[in-house]
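Participant: Questions regarding the structure given below will be posed in turn.
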Amino acid sequence: MRSKVQAHADFAPPAFFIPSLGLKGDLSPPSCTLLTPSMALPMRSLLTNPDRYLRSFRLFLEKSTEHQSMREFMERQLPDVIASIGNGKSTINVLSIGGGAGEMDLLILSKVQARYPGVAINNEVIEPSADQISKYKERVAQTSNLGKVKFTWHEETADEYESRMNAEKKSKKWDFIHMIQMLYYVKDIPATVRYFHSLLESQAKLLIILVSVT
């Protein structure tokens, strides 16, 4: 099963395009096809059973080239994406939406560190799975050269994060926000992208990665 990474980095807000979602410009919802009961049967979402979801996701990783494709993107294209996010800053604020067990997050952070050696990084993670957060923390503990990185984990979904920030009347700005394979699980994709886009600093970037299997 061959995976193809579709990535978008926001260079010129607010107009951008995510091919697999049909999002462009004002982020109006993509077109959709109506399925009648005779055309499709209801399916129980994997998200209702976190353990089953994680087992299914691990099986997907074993059978696909998803991680290989993303790693290639991180190595070849990410350095250009982050080239200006930390210019003139003493601390770079990074927000990971759906950070999972941290494998891709730590790769991203290594690229930020390479571009801005010695600069402090504040890395906050939004992840609803306690099991994934535990694995993330284990990975951090086993990784060297993270002395300049401060980690904060929030066990919540993207929607819950937005609701909490609104309730607390906070709107913290970020230098780099990445959303890797998480837009499949939000209630309103355009609204979610629009909200996190609004949290970007002037030179910041929003990176969205989706994987299509061909």
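Participant: Find all pairs meeting these conditions: Cβ atoms under 6 angstrom apart; at least six residues apart or on different chains; first residue within the range 157-168 and of a type in the set (Phe, Trp, Tyr); second residue open to solvent by less than 70 Å² (accessible area, probe 1.4 Å).
Facilitator: Tyr161/Ile126
Participant: Please go through the range 141-169 and give me each residue that is hydroxyl-bearing (Ser, Thr, Tyr) and either in a helix (DSSP H, G or I) or within 20 Å of Ser129 (Cα to Cα) (or both), ordered by number. Reasoning before the result, please.
Facilitator: Looking only at the range 141-169, we keep the residues that are hydroxyl-bearing (Ser, Thr, Tyr), and these are 143-144, 152, 157, 161, 163.
Scanning the range 141-169 gives Thr152, Thr157, Tyr161, Ser163.
Participant: In the range 75-94, how many are under 14 Å from the mean Cα position of the chain (by Cα) and either open to solvent by 10 Å² or more (accessible area, probe 1.4 Å) or within 17 Å of Leu146 (Cβ to Cβ) (or both)?
Facilitator: We begin by selecting, within the range 75-94, every residue under 14 Å from the mean Cα position of the chain (by Cα); these are 78, 94.
In the following step, the residues that additionally are either open to solvent by 10 Å² or more (accessible area, probe 1.4 Å) or within 17 Å of Leu146 (Cβ to Cβ) (or both) were identified as 94.
Looking only at that region, the number is 1.
Conditions tested, residue by residue: (1) of a type in the set (S, T, N, Q); (2) on the phi < 0 side of the Ramachandran plot; (3) open to solvent by less than 30 Å² (accessible area, probe 1.4 Å); (4) modelled with pLDDT under 95.
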| residue | (1), (2), (3), (4) |
| --- | --- |
| Gln113 | yes, yes, no, no |
| Gly118 | no, no, no, yes |
| Ile121 | no, yes, yes, no |
| Val125 | no, yes, yes, no |
| Asp131 | no, yes, no, yes |
| Lys135 | no, yes, no, no |
| Val140 | no, yes, yes, no |
| Val149 | no, yes, yes, no |
| Lys172 | no, yes, no, yes |
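Participant: Taking the range 174-205 as the region of interest, how many residues are of a type in the set (A, V, I, L, M) and buried (at least 20 other Cβ atoms within 10 Å of the Cβ)?
Facilitator: 8
Participant: Specify which of the listed residues (Ile92, Ile121, Ile85, Ile133) is part of a loop (DSSP other than H, G, I, E, B) and among the aliphatic types (A, V, I, L, M).
Facilitator: Ile85
Participant: While we're here: Looking at (1) among the basic types (Lys, Arg); (2) over 18 Å from Leu206 (Cβ atoms); (3) not in a helix (DSSP H, G or I), which is the one condition that is false for Lys172?
Facilitator: (2)
Participant: Now, a different point. For the range 100-107, indicate whether the set of residues that are over 27 Å from Tyr185 (Cα atoms) and small (Gly, Ala, Ser) is non-empty.
Facilitator: no
Participant: Working only within the range 175-204, note down all residues that are in a helix (DSSP H, G or I) and of a type in the set (A, V, I, L, M, F, W, C).
Facilitator: Leu183, Ile189, Ala191, Val193, Phe196, listed by residue number.
The values are calculated or read from the model by the stated rules, or taken from the named source; none is laboratory data. These numbers were taken from a predicted model, which means no experiment stands behind them. Glycine also receives a Cβ, built like all others from the backbone with ideal geometry; neighbour counts cover every protein chain displayed. SASA here: full protein model, heavy atoms, side chains in, ligands and nucleic acids out. Shrake-Rupley method; radii C 1.70, N 1.55, O 1.52, S 1.80 Å.
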